[in-house]
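Comments concern the structure below.
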Amino acid sequence: MAEVYTKGLGLYASSLPDVYEDIVTMGANASKRLLDRKGVSLDGIGRIDVATESAFDKSKPASTYVAGCLEQVFDGNLHHANKGERKFACVSGTQALDDAFNWVRAGRSRGRKALVIATDTALYERDDPGEATQGAGAVAMLIDENPDLVSFSDAQGFGSADETDFLKPNQQFPSVDGKRSMQVYLARMREAMQDFERNGGDTHPDNFALIPFHTPFPGMVRKAAALGFRHCIRGTEIEEELAAELGRQPRPEAFDDEDEFLEAQKEYTEKLTETDAYSEWYEETIEPTLSISRHVGNWYTGSVHIARAAGLIEAAETDRELAGRQLLVASYGSGAQAEIHAETVQPGWEEEIGQLNIFDQIEDRHDITFAEYEDIHDVHNHDETIELEPLTTPEGEFAFDGWGRMGERKYTYVE
């Protein structure tokens, strides 16, 4: 049974929130660590965008709660920062980055920074097939005129369609058509790649040092990477070099029947993944981006952003010289939309990425029994009223502190 998780899904562990943790505490804690590390005051923040598909309020955005938390521990206030909440399943984290980038590029920042937070509790109903991929966590990012880690390119590609592969119609836990969702993910990614190329993007595999994908589970990325590599080598010298071993890629015009073409394409892709060329590309470009996700599960809106961080952390640890190299970032959200864009790694990136301590945080987690998992799951079920003592003790972090008179959630910083 364990092989279903480790080999099939590609997961070794998951992350779950304790009783006093939720999307606000995770987002506020990630933001506080970032602002402390960068020495940024609240006056230096011009907007706060929270991307989440785990919102608990249909009117008041989570960004206002996060701002209230930050005002507890920093001097000044965020009264003049524009705040909002982005929703489009998992892709909304990247959409919030796009919004912040456009705000800076439009000259509206007045030298201030945008704080973008992707935060989610990716929980599923008990006994749902998606339960195995659960996770919870937050990513906080600063966007300004002088980036320390990566800069965005103008070229983007989108693939979008009205789909019902994964949705939450007035419910906390998602309704999911798992097989359909995987098909839609791949179809929208293909469309986004084609659109990226139409908009001037060059997708030759040698152009990109890393390709972070939206990672609901690493096994999904294995499928997407194979199709992506096949697409990107088409018509290149790489396809020509592999032709002696595999033949040329099937072209639809060579077949009278679409099913025959698709079967031939499938066979070619399977053989392609067994070549040295593909294995070497995958090990250098894709595998490093999965090292965090394997141990924390699906973070929904934060998923592709921890993939970026994982790849850059490993590159720094192995002394890869990436300044000036490009990343190809492949984001996806059910419902459904994919976005492909390129980013350029900035000089000094090693120092910036070296300050992240996410693997220390992973090591510091608290193991729980299955019975404790069931209790924690029930605590975070909005339809249940469960009293449960925390399994850990908050320290140096924001924590949920009960309910206000209008049903709002209250938070405090625990020293």
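Every number here is computed from the coordinates shown, using simple stated rules; none is lab data. Because the structure is a prediction, the values reported are computed rather than measured. All Cβ positions, even for glycine, are placed from backbone atoms using ideal geometry, and neighbour counts span all protein chains on display.
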Give me, ordered by chain and number, the residues 5 or more places off Asp165 or on other chains with an amide H under 5 Å from its own placed amide H. Gly335
Considering only the chain, percent of DSSP beta bridges that pair antiparallel, nearest 5: 70 percent
State the dimensionless ratio Rg/Rh of region 14-414 (Rg: radius of gyration of Cα atoms; Rh: Kirkwood radius). 0.98
Neighbouring Cβ atoms within 10 Å as the yardstick, rank Ile143, Ile48 fewest first. Ile143, Ile48
Total charge of the residues flanking Glu145 in space, meaning their Cβ is under 13 Å from its Cβ, with Lys and Arg +1 and Asp and Glu -1, is +3
Based on alpha-carbon atoms only, what is the radius of gyration of region 1-121 relative to the globular estimate 2.2 N^0.38 Å? 1.20
Only sites in a loop by DSSP and with at most 11 other Cβ atoms within 10 Å count here; which GluC sites (Glu not before Pro) in region 217-265 make the cut? none
With +1 at each Lys and Arg Cβ and -1 at each Asp and Glu Cβ, the charge dipole magnitude of region 183-258 around its Cα centre, to the nearest 20 debye, comes out at 460 debye
What residues qualify as long-range amide H neighbours of Leu11, i.e. H under 5 Å apart, gap of 5 or more or another chain, H built at 1.01 Å from N? Thr6
What's the magnitude of the charge dipole for region 135-216 around its Cα centre, counting Lys and Arg as +1 and Asp and Glu as -1 at the beta-carbon? Answer in Debye, nearest 20. 520 debye
Around Gly333, with a cut-off of 14 angstrom between Cβ atoms, what is the net charge of the other residues, counting Lys and Arg +1 and Asp and Glu -1? -4
For Leu210, enumerate residues with amide H under 5 Å from its amide H, sequence gap 5+ or separate chain, H modeled in the peptide plane. Leu328
Using Cβ contacts closer than 10 Å as the measure, can you line up Met26, Met406, Met182, Met193 from fewest to most? Met406, Met182, Met193, Met26
Could you give each residue of region 99-106 its phi-based ³J(HN,Hα) in whole Hz, using Karplus coefficients 6.51, -1.76, 1.60 with θ = phi - 60°, and x for Gly or Pro? 4, 5, 4, 5, 4, 5, 5, 6
In what order do Trp299, Trp281, Trp403 fall by count of nearby beta-carbon atoms within 10 Å, going from fewest to most? Trp403, Trp281, Trp299
Whole angstrom only: what separates the Cα centroid of region 151-202 from the Cα centroid of region 312-359? 20 Å
Region 293-415: radius of gyration over Cα atoms, expressed as a fraction of 2.2 N^0.38 Å: 1.41
For region 295-311, Karplus couplings with θ = phi - 60° (6.51, -1.76, 1.60), whole Hz, Gly/Pro x: 10, 10, x, 7, 9, 6, 5, x, 4, 5, 7, 6, 5, 4, 4, 4, x
Relative contact order in percent for the chain (Cα pairs under 8 Å, 6+ apart) equals 24 percent
Defining a contact as two alpha carbons under 8 Å apart and six or more residues distant in sequence, what relative contact order in percent does region 260-415 show? 12 percent
Sequence-distant lysines (8 or more away, or on other chains) whose Cα lies within less than 16 Å of Lys7: Lys223
May I ask for the net charge around Asp195, where only other residues with Cβ less than 12 Å from the Cβ of Asp195 are counted and Lys, Arg are +1 while Asp, Glu are -1? 0
